[in-house]
């Protein structure tokens, strides 16, 4: 995992919850962690990581995720066994 991915992971787990994380950075982190990413209908994206599955909506028209989405991504990563070092 490079520094950019590490910073993204730390931003996801930061308190208070940040709402300024670029969705492309989150998807790039998922790829680095070995997740399977499948396109759904519309803005839906299905992620499978360590036998944990989640469906997220890509934010649009903005590029940044909102706080609720960041909390959902954090919960998904925790359930998949991923935490910052």
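Here are some notes:
- Test: residue in the stretch 61-70 that is surrounded by fewer than 18 Cβ atoms within 10 Å (Cβ to Cβ), within 19 Å of residue 2 (Cα to Cα) and modelled with pLDDT under 95: no
- Sole exception among (1) surrounded by 12 or more Cβ atoms within 10 Å (Cβ to Cβ); (2) touching a strand residue (DSSP E or B) at 6+ places or on another chain (Cβ under 8 Å); (3) over 14 Å from residue 83 (Cα atoms) for residue 25, by number: (2)
The values are calculated or read from the model by the stated rules, or taken from the named source; none is laboratory data. Because the structure is predicted, anything quoted here is derived from the model rather than measured. Using ideal geometry, Cβ is built from the backbone for each residue, glycine included, and neighbour counts are taken over all protein chains shown.
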